Amino acid sequence: MATALSVLVLGAGAIGHALMTGIDTGIARVDPFRDIKNRPEGGHGTNVLVVGTDGRDRITKAEKAKYRLGGAPCHCTDTIMLVHISRNRDRASVVSLPRDSLARLPAHTDRNSGRRHRPHPVKLNAAYAEGGPALTVRAVEQLTRVKVDHYLEVDFTSFMKTVDAVGGVDICTASPMKDKYTGLDLPAGNHRLDGGGALQYVRSRHVDGASDLGRMRRQQRFVAALIKEVGGTGIMLNPVRFRQVASVMLGSVRADRDFGTDELLALGRAMRGFSAASSEFTSVPVASTGQVPGAGSVVHWDRPKAERLFRLIREDRPLAVGRTGGGRKLVEVSPQQIRVQVYNGTRTGGLGSRVDAALRGTGFDTTRAPRNAGGPVAARTFVSYDPRWDRSAKALATALKGCETRPVKGLGRTLRVTAGTDWSGVVPVRAESTNLGEFGAVRGDEVVCP
């Protein structure tokens, strides 16, 4: 879903006009702004509405079977992202819009049946089925009060082709991911995904209890990983390689008529040096879910928080503020949820305080009151834990690289760290599902593989 940001925008900053000219003729054009009235006022920067549809007409029978793409498509938007590129071209803010968000469509004519509809409530992804790109843009602008400047549409086939063209993307996970509906089956660790595997990853909704909200977080991580992949390889410096990748991608997407060579070059030149750290990701804050007559089970936004979020977009202000750097190792349990009591197992004065401060600095909930262990000197640092909190112990042990773990029944939820003479510091860690800040916004370098 990051093709506009990664391949096009980044590439255009490094590749000359002569190579870019003609590539965009392969883009299928749509008119998503046709007959739209009473649009929001334009703000600073550029807003691109990126939608992923469930189109599967060009997928082979073998691919449908392998990647579980059977069944009839709903001709709706499977993914909806609003991408804001700052006026200074130094930041891209990606906001995922839940596809089941409650939207109220204005009066319109159904593009399939020709039937005239009165205003009525629907799930946001149904706007595409009833009125195509134009009605989708109208629905998004009505919900967000953000003016959409450009429109980019990607289907299953173009998504897989783009990932394969860049040579695959690295994804890491702290726990196994398995979804029988998409066929996704990833053990914990780092993985290189090709186009088909990447499609399974971004489509899966049944790997945890977070359903569509969890899937949006995985899509955001994938976008950041794709930006890192394109920006960190030789694609940008190799005109022939870039043209091959761009031609594959552009030949299988749909965009508005003004999203052409000159626009791409202007964005690309301004965004030289753009990286995963230049991107930030969040989802619209959700208040509740419920049944709405005529629309079914829908997601209701937290309106006050959503309004603040989109006001920041309109005002061209960052969402992930005051963030630490990326490169943290993945763990299953957030450090903020792990209570830790530190013991000094050596004769070195102040070591307990240093270990407590280091663990607290990476997010662990320490007691801030380290104690002396007493007894013989501990040559090796170890973690004592109740077996009921084994996942927390594993996360803590990851931060204390090389330490021992010792299960102790009945110890309770507070884990104990006994610092030995081998203690050499703390490895920063983070959890996949951690949402920090009012909008849960994270920077791209915080969610890619270290």
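A single member of G345, G352 is open to solvent by less than 50 Å² (accessible area, probe 1.4 Å), at pLDDT 90 or above and in contact with a Pro (Cβ under 6 Å, 6 or more places away or on another chain), and it is G352.
Applying the selection to the stretch 198-215, what residues are at pLDDT 75 or above, aliphatic (A, V, I, L, M) and open to solvent by 20 Å² or more (accessible area, probe 1.4 Å)? Listed by number, the list holds a single entry, V207. Of the strands (runs of 3 or more DSSP E) lying entirely inside the stretch 112-178, those containing at least 1 residues that are touching a Phe, Trp or Tyr at 6+ places or on another chain (Cβ under 9 Å) and farther than 15 Å from F222 by Cβ are 150-154. Within the stretch 380-420, the set of residues being at pLDDT 95 or above and of a type in the set (S, T, Y) comprises T381, S384, Y385, T405, T414, T418. Restricting the first member to the stretch 306-320 and to residues that are of a type in the set (D, E, K, R), and the second to residues that are assigned to a loop (DSSP other than H, G, I, E, B) and open to solvent by 20 Å² or more (accessible area, probe 1.4 Å), the beta-carbon pairs closer than 7 Å and six or more apart or on different chains are R314/G43; E315/G43; D316/G43; D316/H44; D316/G45; D316/R87. In the stretch 427-449 there is at least one residue matching the filter, namely being within 30 Å of H84 (Cα to Cα), surrounded by 20 or more Cβ atoms within 10 Å (Cβ to Cβ) and out of contact with any strand residue (DSSP E or B) (no Cβ under 8 Å at 6 or more places or on another chain). In the stretch 281-294, the residues that are without any contact (Cβ under 8 Å) to a residue 24 or more places away in the chain and more than 20 Å from S86 (Cβ to Cβ) reach residues that are assigned to a loop (DSSP other than H, G, I, E, B) and charged (D, E, K, R) with C-beta atoms within less than 6 angstrom, at least six apart or across chains, in these pairs: A287/D302. Of all residues in the stretch 60-86, those that are at pLDDT 70 or above, of a type in the set (G, A, S) and surrounded by fewer than 18 Cβ atoms within 10 Å (Cβ to Cβ) total 2. For the stretch 381-413, filtered to residues that are within 20 Å of P428 (Cα to Cα) and assigned to a loop (DSSP other than H, G, I, E, B), the residue that is most open to solvent (accessible area, probe 1.4 Å) is K401.
What are the residues in the stretch 131-165 that are farther than 18 Å from L49 by Cα and among the charged types (D, E, K, R), if any? Residues satisfying the conditions are K161, D164.
The values are calculated or read from the model by the stated rules, or taken from the named source; none is laboratory data. Every value quoted in this text rests on a predicted model; they were computed, and no experiment measured them. When we count neighbours, we look across all protein chains shown, and the Cβ atoms used for this are built from the backbone with ideal geometry, even at glycine. The area values use the complete protein model at the heavy-atom level, side chains included, leaving out ligands, DNA and RNA. Shrake-Rupley method; radii C 1.70, N 1.55, O 1.52, S 1.80 Å.
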